[in-house]
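Notes to accompany the following structure.
The values are calculated or read from the model by the stated rules, or taken from the named source; none is laboratory data. Quick caveat, the model's predicted, so the values are computed rather than measured. Cβ: placed from backbone, ideal geometry, glycine included. Neighbour counts: every protein chain shown. We work out accessible area using only protein heavy atoms, side chains counted, and drop any ligands, DNA or RNA first. Shrake-Rupley method; radii C 1.70, N 1.55, O 1.52, S 1.80 Å.
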Amino acid sequence: MNQPLFTGVSTALVTPFLGGKVNYPMLERLLARQMEAGITSVVLCGTTGEAPTLTDSEKLEMVCRAKRYVGNQCQIIAGTGSNCTEHTVALSRAAEGAGADALLVVSPYYNKATKAGLLAHYGAVCSAVHIPVICYNVPSRTGLDMTPAVYRGLSAMPNMAGVKEASTDAGKVTEIRAACPEQFTVWSGNDTLAAAAMALGAKGVISVASNVLPSEMLALASAALDGDFDTAADLQVRLLPLLDVLFSEVNPIPVKEAMKCLGFDCGVCRLPLTPLSQRNAERLKKVLSEV
């Protein structure tokens with residue numbers, strides 16, 4: 001892959017529920033809002049989309065309906081990762097068949113894996129599909145921090161597009177770029193580090209905040225990728241109060257409440273996630289009134 005799968009912003013979309021089921025009319029409203037703002041890539045069934053509580057059939061139906069709705073105007077990146085390689089491979093194949101343009105595959109959680117295990121896990125996925133694969137490093141959730149040496153091995157896989165790097169070390173971007181060829185793209189997985197990551201060579205951000213403010217996150221990314229880091233930094237500072245409250249409780253609890261405040265009622269999170277506390281709900285409303 002000579003060109004990045006995407007540059008700028010890919011929104012990690014929330015999954016809307018109504019009566020305990022996926023709310024497909026609301027999903028289309030969310031997709032339309034993203035495209036109207038200029039977003040050309042979204043992630044479905046990721047962490048923000050409550051992947052752990054979605055069934056495989058729900059995930060595939062969402063991918064199928066979303067791709068049919070957006071057509072060629074927007075990439076649909078499907079979250080298909082799990083801590084079981086066989087399950088991940090099967091779901092990845094099915095998501096490709098359902099129309100996904102690419103896959104986001106989290107590193108195995110709970111059971112973790114050695115370097116050899118990670119390479120075998122991702123190698124099995126890449127060998128099973130024909131679309132690009134993004135590996136996803138999120139140590140706070142998986143208990144495993146993938147190293148640049150692992151990325152070097154992953155970068156040799158023909159359809160491995162790059163990594164969503166959601167560790168809290170901004171310098172990791174530099175380490176990955178030093179270890180891997182240019183075509184292995186780094187995308188920030190942290191909204192709070194988006195400008196810093198792009199200053200170090202990341203090609204964009206897979207964003208939670210762009211559910212709420214897609215145009216603003218797109219402006220931040222565009223400025224950073226254009227080398228206008230003063231503007232990017234100013235936007236990062238301006239968005240800080242929102243980012244603080246969006247991560248005041250476990251994602252996606254706050255962002256679903258934010259969408260409701262904006263007139264996009266996506267329902268409550270499935271258990272074991274619970275509604276936003278009253279204190280943080282009040283903070284959120286105040287911040288939204290000021291952005």
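For S277 and N2 in the same chain, what is the full-extension length gain: residue separation times 0.36 nm, less their Cα-Cα distance, in nm?
Working it through step by step, the gained length comes to 94.4 nm.
What number comes out for accessible area per residue over segment 1-154 if the probe is 1.4 Å? Units Å², please.
40
Whole number please: convex hull volume per residue of the Cα set in segment 141-213, in Å³?
Expressed per residue, the convex hull around the Cα atoms of segment 141-213 is 97 Å³.
For the chain, return all DSSP H helices satisfying: extent of Cα atoms along own axis at least 15 Å; mean Kyte-Doolittle hydropathy at least 1.0.
Working: long enough: 24-36 (18 Å, -0.42); 56-70 (21 Å, -0.73); 85-98 (19 Å, -0.15); 115-128 (20 Å, 0.82); 214-225 (16 Å, 1.15); 229-246 (24 Å, 0.93); 278-290 (18 Å, -1.38).
Sorted by number, the helices that extend far enough and score high enough are 214-225.
If you take the beta carbon distance between A90 and S215 as r and set R0 to 51 Å, what does 1/(1 + (r/R0)^6) give as a FRET efficiency, to the nearest 0.05?
E(calc), rounded to 0.05, equals 0.85.
Only loop residues by DSSP count here, and only those with at most 12 other Cβ atoms within 10 Å; note down the chymotrypsin sites (Phe, Trp or Tyr not before Pro) in segment 62-136 that meet that.
Counting only loop positions with at most 12 other Cβ atoms within 10 Å, the chymotrypsin sites (Phe, Trp or Tyr not before Pro) in segment 62-136 are Y110.
Say each of H130 and D56 gets a label point 7 Å from the Cα, pointing the same way as Cα to Cβ; how far apart are those two points in nm?
The two pseudo-label positions are separated by 2.2 nm.
Within the chain, what whole-number % of the accessible surface is contributed by carbon and sulfur, with the 1.4 Å probe and all protein chains included in the calculation?
Carbon-and-sulfur percentage of accessible area, whole number: 53.
Could you pull out every one of the lysines with an alpha carbon less than 23 Å from that of K256, ignoring same-chain neighbours closer than 8 positions?
K21, K59, K67, K164, K285, K286
Take T114, project a point 7 Å from its Cα along the Cβ direction, then tell me which residues of segment 60-104 have their backbone nitrogen under 18 Å from it.
Within reach of a label on T114, which here means backbone N under 18 Å from a point 7 Å along Cα→Cβ, segment 60-104 contributes 85.
What's the magnitude of the charge dipole for segment 20-71 around its Cα centre, counting Lys and Arg as +1 and Asp and Glu as -1 at the beta-carbon? Answer in Debye, nearest 20. Mind dumping the intermediate values first?
On the way: 7 positive and 6 negative charges, 29 e Å.
For this selection, approximately 140 debye.
Which values, in whole Å and largest first, are the semi-axes of the equivalent ellipsoid of the chain obtained as the square root of 5 times each eigenvalue of the Cα gyration tensor?
Rounded to whole Å, the semi-axes are 27, 23, 18.
Report the residue, chosen from G204, G71, G38, that carries the largest GNM mean-square fluctuation when the chain is represented by alpha-carbon nodes joined by springs under 10 Å.
Looking only at G204, G71, G38, the largest GNM fluctuation is found for G71.
Of D226, D101, D145, which has the largest mean-square fluctuation in a 10 Å C-alpha GNM of the chain?
D226
Using just the Cα positions, wrap segment 1-138 in a convex hull and report its mean projected area in square nanometres, one decimal place.
Result: a mean projected hull area of 8.4 nm².
When the solvent-accessible surface of protein heavy atoms is calculated with a 1.4 angstrom probe, in what order do I131, I76 fall, highest first?
Values: I131 25, I76 0 Å².
Ranked list, largest accessible area first: I131, I76.
What size of dipole, in debye to the nearest 20, comes out for segment 54-160 about its Cα centre when the only charges are +1 on Lys and Arg C-beta atoms and -1 on Asp and Glu C-beta atoms?
Working: 9 positive and 7 negative charges, 31 e Å.
The calculated dipole for segment 54-160 is roughly 140 debye.
Based on the Cβ-Cβ distance of N72 and T231, what FRET efficiency does E = 1/(1 + (r/R0)^6) give at R0 = 35 Å, to the nearest 0.05?
After rounding, the FRET efficiency stands at 0.70.
Could you calculate, for segment 92-134, the ratio of the Cα radius of gyration to the Kirkwood radius, expressed as Rg to Rh?
1.00
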